[in-house]
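Below is one structure, written out as structure tokens; the observations come after it.
The values are calculated or read from the model by the stated rules, or taken from the named source; none is laboratory data. The structure displayed is predicted, hence computed values, not measured ones. Backbone-built Cβ (ideal geometry, glycine too); neighbour counts: all protein chains shown.
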Amino acid sequence: MATVAEFLDEVNRLFGFYFDVDMAFHLTKLRLGEMQKTLGLNDASNFSYTERTPTGGPADFEKSMHATTFGALKQRMAKGGTDSQTAAQAMVVFTFHIWEEKFRNSLTTNAGSPIFDTGSDVMGDIRLLRNSIIHNKGIADPGVACCKVIKHFKPGQPIQFTDAIIYDIIKEIRSEFAARA
């Protein structure tokens, strides 16, 4: 049987992942800017991920595992950019997944007493967000109108996470489950 503390420990690692990724994007953007200055490149210059050391020629770009421009890469890594949104969505989806698959049906208090009522407003809201992320390409579906705690999104709108929304999600999970510990 899993305890509330074990659940919170696992979701705290997911929160850490999100913040680590956000910091990595920031530091990578700084490094990309330094590379551009050093090499005399601009935002329209090609950037590619290759299996070998790049030679700088067009063949690298054509045969790369992923090719883009410096500008597009920096834009994706910007605060609130698509990479940041993908990381936030992954955290939300995975938080619900571990709840549903690992903890929901076996949760106990930290002292080991079974928690028979594992209904959860915050996890129900996360389920609704997850469904929109997975099944509706990140656009809030009508089910999101039923959210009880995480009320940041309206049906038909893109689910765009900000730091404030992520903080709210973290606080709501910690608050609800601390009360069950």
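Inspect region 118-133 for any residue being over 13 Å from the mean Cα position of the chain (by Cα), assigned to a strand (DSSP E or B) and over 28 Å from H26 (Cα atoms) and give the result as yes or no.
No, because not a single residue in region 118-133 is over 13 Å from the mean Cα position of the chain (by Cα), assigned to a strand (DSSP E or B) and over 28 Å from H26 (Cα atoms).
Here's the yes/no breakdown for (1) among the hydroxyl-bearing types (S, T, Y); (2) surrounded by 15 or more Cβ atoms within 10 Å (Cβ to Cβ); (3) modelled with pLDDT of 85 or more:
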site: V21; (1), (2), (3): no, yes, yes
site: H26; (1), (2), (3): no, no, yes
site: T38; (1), (2), (3): yes, no, yes
site: T55; (1), (2), (3): yes, no, no
site: T68; (1), (2), (3): yes, yes, yes
site: G71; (1), (2), (3): no, yes, yes
site: R76; (1), (2), (3): no, yes, yes
site: E101; (1), (2), (3): no, no, yes
site: S106; (1), (2), (3): yes, no, no
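Look at region 159-181 and say how many of its residues are assigned to a helix (DSSP H, G or I) and surrounded by fewer than 16 Cβ atoms within 10 Å (Cβ to Cβ). Reasoning before the result, please.
Going through region 159-181, the residues assigned to a helix (DSSP H, G or I) turn out to be 163-178.
Applying the additional criterion that residues be surrounded by fewer than 16 Cβ atoms within 10 Å (Cβ to Cβ) yields 163-164, 167, 171, 174-176, 178.
Matching residues across region 159-181 total 8.
All but one of (1) surrounded by fewer than 19 Cβ atoms within 10 Å (Cβ to Cβ); (2) in a helix (DSSP H, G or I); (3) touching a residue at least 24 places away in the same chain (Cβ under 8 Å) hold for F96; which doesn't?
Every condition holds for F96 apart from (1).
Given the criterion modelled with pLDDT of 95 or more and among the charged types (D, E, K, R), identify the matching residue among R180, R130.
Only one candidate qualifies: R130.
Report yes if G112 is within 25 Å of S175 (Cα to Cα), modelled with pLDDT under 95, not charged (D, E, K, R) and not in a helix (DSSP H, G or I), otherwise no.
The answer is yes for G112.
Return yes when V4 is of a type in the set (V, I, T) and touching a Phe, Trp or Tyr at 6+ places or on another chain (Cβ under 8 Å) and no when it is not.
Taking the combined requirement at face value, the residue satisfies it.
May I ask you to verify whether K74 is in a helix (DSSP H, G or I), touching a helix residue (DSSP H, G or I) at 6+ places or on another chain (Cβ under 8 Å) and farther than 27 Å from E10 by Cα? Let's see the steps before the verdict.
Values: in a helix (DSSP H, G or I): yes; touching a helix residue (DSSP H, G or I) at 6+ places or on another chain (Cβ under 8 Å): yes; farther than 27 Å from E10 by Cα: yes.
In short, yes.
Identify, from the list F153, F161, F177, the residue that is hydrophobic (A, V, I, L, M, F, W, C) and touching a Cys at 6+ places or on another chain (Cβ under 9 Å).
Details: F161 fails: touching a Cys at 6+ places or on another chain (Cβ under 9 Å); F177 fails: touching a Cys at 6+ places or on another chain (Cβ under 9 Å).
Exactly one residue qualifies, and that residue is F153.
Only one of these conditions is not met by G156: (1) on the phi < 0 side of the Ramachandran plot; (2) touching a Pro at 6+ places or on another chain (Cβ under 9 Å); (3) assigned to a loop (DSSP other than H, G, I, E, B). Which number is it?
(1)
Would you please name the residue that is nearest to the chain's Cα centre (by Cα), looking only at residues in region 134-153 that are within 19 Å of S84 (Cα to Cα) and outside any loop (DSSP other than H, G, I, E, B)? Quick ask: steps written out before the conclusion?
Taking region 134-153 as the starting set, the residues that turn out to be within 19 Å of S84 (Cα to Cα) are 134, 136-140, 152-153.
Checking which are outside any loop (DSSP other than H, G, I, E, B) leaves us with 134, 139.
Values: I134: 13, I139: 15 Å.
Going through the qualifying residues, I end up with I134.
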